[in-house]
Amino acid sequence: MASSILPLLYLASASPRRQELLHQIGIPHTVLRLPPVEGEDEPRQANEPPVAYVQRTALEKAQRAQEWLAQAESGCQQSNHGQTNLPILAADTTVALGDTILGKPVDAQHAANILGQLSGQTHTVYTAVVLAHQTGLYTGLSTSLVSFKQLSQTEIAQYIETNDCFGKAGAYGIQGFAARFIRDLQGSYSGVMGLPLYETAELLRTAKIL
């Protein structure tokens, strides 16, 4: 993003994929470098369906960013982000096989277990988007069905060796090597990648940012 272009929003995510997707549709933004939350994944509440989980966690990300910026504005902590009145965009992606949420793998064996569960199956990818603006909270949801081919142990091991499985819900990234595993996609490619562009643009239009 050129320094002469003013950002339209804060992105409450350090994900390079979400940054790339915003650049793809021409949304100048500033990435909020928030203090990390302990643990790889947010805890799931008892009997919480995957779709409710992803919507709640995206909302909580936006709220944490709002609180952090409010503290920065009041002088309670140092901020290097300049403006504090920009809208905040947050998102969360959840991979679910039935009612089972398959989060980010903690190690190679965990990644192999996750990929083994996805092998030959159709799973659901939910990505919830939240825009926190002065005029209110705007929310969107992308739901996609992704079907994997049957994976051999060799294919799983070779994919894990690329390290592309780490830091990704469901232990895979659709935009990388794992694309060869996907025999069918019904839904949003960008949503599976981490930020559904149609839904995001609709939120920005509704909030009169675009």
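The values are calculated or read from the model by the stated rules, or taken from the named source; none is laboratory data. Quantities reported herein were computed from a predicted structural model and do not represent experimental measurements. Cβ sites come from the backbone with ideal geometry, for glycine too, and all protein chains shown count toward neighbours. Just so you know, the surface numbers come from the protein's heavy atoms only, side chains and all, with ligands and any DNA or RNA stripped out. Shrake-Rupley method; radii C 1.70, N 1.55, O 1.52, S 1.80 Å.
For the reader, a short list of remarks on this structure follows.
- Cα-based reach from Lys61 at 29 Å (exclusive), listing lysines while leaving out same-chain residues under 8 positions away: Lys104, Lys168, Lys208
- For the range 54-59, the Karplus equation 6.51 cos²θ - 1.76 cosθ + 1.60, evaluated at θ = phi - 60°, returns couplings of 5, 5, 5, 5, 5, 5 Hz by residue, with Gly and Pro reported as x.
- Calculated FRET value between Gln121 and Glu20, using beta carbons and R₀ = 35 Å, to 0.05: 0.80
- These residues, Phe166, Phe181, go from largest to smallest accessible area, 1.4 Å probe, as Phe166, Phe181.
- In this structure the chain gives 50 Å² per residue of accessible area when probed at 1.4 Å with all protein chains present.
- Residue-wise HN-Hα coupling along the range 194-210, computed from phi with Karplus coefficients 6.51, -1.76, 1.60 (Hz; x: Gly, Pro): x, 8, x, 6, 4, 4, 5, 4, 5, 4, 5, 5, 4, 7, 6, 8, 9
- Taking all protein chains together and a 1.4 Å probe, the residues Asp184, Asp99 rank Asp99, Asp184 from largest to smallest accessible area.
- Within-13-Å neighbourhood charge of Thr139 [Cβ basis; K, R +1; D, E -1]: -2
- Potential extension, Ala46-Ala70 segment - 0.36 nm per residue separation minus Cα distance: 5.5 nm
- With a Förster radius of 22 Å applied to the beta-carbon distance between Gln153 and Asp184, the computed FRET efficiency rounds to 0.45.
- With every protein chain in place, the range 142-190: carbon and sulfur % of accessible area (1.4 Å): 47
- If the chain linking Leu137 and Glu60 were pulled fully straight, counting 0.36 nm for each residue of separation and taking away their Cα-Cα distance, it would gain 26.5 nm.
- Virtual spin-label span in nm between Thr162 and Gln175, 7 Å along Cα→Cβ: 1.4
- Taking the Cα centre of the chain as origin and assigning +1 to Lys and Arg Cβ atoms and -1 to Asp and Glu Cβ atoms, the resulting dipole is close to 420 debye.
- Counting only DSSP beta bridges with both residues in the chain, the antiparallel share comes to about 85 percent.
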